[in-house]
């Protein structure tokens, strides 16, 4: 569990600088340069992500079961992860209506993804992993909205075709991940055998 926690501290810590120390971040970038900042940020993120994967894998070998979620929670989690995939794609498709309305769909995607996994998993490692991502996403969304208000950010209106593309690509990605990649990469098949 220690490696998982260390990975979360590194990965989410780096991703929390704008939440807790945005002025320091800006000063550091101005002093050291954007390339140096991005290099250090990427290095720490990759190291943290690797430790999360390793630590979570170790923790799953000797699970500490806190509760057994009902089977219905897996179905709810599947629906929520579909929404999370669509939100994730919305962060990248220009001028879609989802981003125009929600402004920070990637962070909301992380919230939905983490919440879905908290509903469908009852092991201590799951609570630590997905709970940490959920707390981070809540704080990050709040900070991002605050920056938007301070900068008086205006998001462009969405276009219907871009929104349709977002939903289709998100759905196709979710199907591929749920039916094939989740089992291959995580070792758990959301839809059984």
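The values are calculated or read from the model by the stated rules, or taken from the named source; none is laboratory data. Computed from a predicted model, the values in this text were never measured in an experiment. Neighbour counts run over all protein chains shown; Cβ positions are idealised from the backbone, glycine included.
Numbers below:
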item: Residue that is surrounded by the most Cβ atoms within 10 Å (Cβ to Cβ), among those in segment 159-193 that are at pLDDT below 95 and assigned to a loop (DSSP other than H, G, I, E, B); result: 190
item: Test: residue in segment 109-117 that is surrounded by 15 or more Cβ atoms within 10 Å (Cβ to Cβ) and at pLDDT below 95; result: no
item: Within segment 93-107, tally of residues that are part of a helix (DSSP H, G or I) and farther than 30 Å from residue 64 by Cβ; result: 8
item: Lone qualifier among 69, 63 - being modelled with pLDDT under 95 and in contact with a strand residue (DSSP E or B) (Cβ under 8 Å, 6 or more places away or on another chain); result: 63
item: Close pairs from segment 169-193: first in the same structural domain as residue 82 (by TED's automatic domain parsing), partner surrounded by 14 or more Cβ atoms within 10 Å (Cβ to Cβ) and part of a loop (DSSP other than H, G, I, E, B), Cβ under 6 Å, at least 6 apart; result: 178/190; 182/190
item: Filtered residues of segment 59-92 (kept if touching a residue at least 40 places away in the same chain (Cβ under 8 Å) and in a loop (DSSP other than H, G, I, E, B)); result: 63, 64, 66, 67, 68, 69
item: Selection count where residues are farther than 14 Å from residue 52 by Cβ and either free of Cβ contacts under 8 Å to residues at least 40 places away in the same chain or crowded, with 17+ Cβ neighbours inside 10 Å (or both), scope segment 128-141; result: 6
item: Selection status of residue 13, under 16 Å from the mean Cα position of the chain (by Cα) and within 16 Å of residue 132 (Cβ to Cβ); result: yes
item: Lone unmet requirement of (1) surrounded by 15 or more Cβ atoms within 10 Å (Cβ to Cβ); (2) not in a helix (DSSP H, G or I) for residue 153; result: (1)
item: Matching option when the condition is over 20 Å from the mean Cα position of the chain (by Cα), in contact (Cβ under 8 Å) with a residue 40 or more places away in the chain and surrounded by 14 or more Cβ atoms within 10 Å (Cβ to Cβ), among 95, 25; result: 95
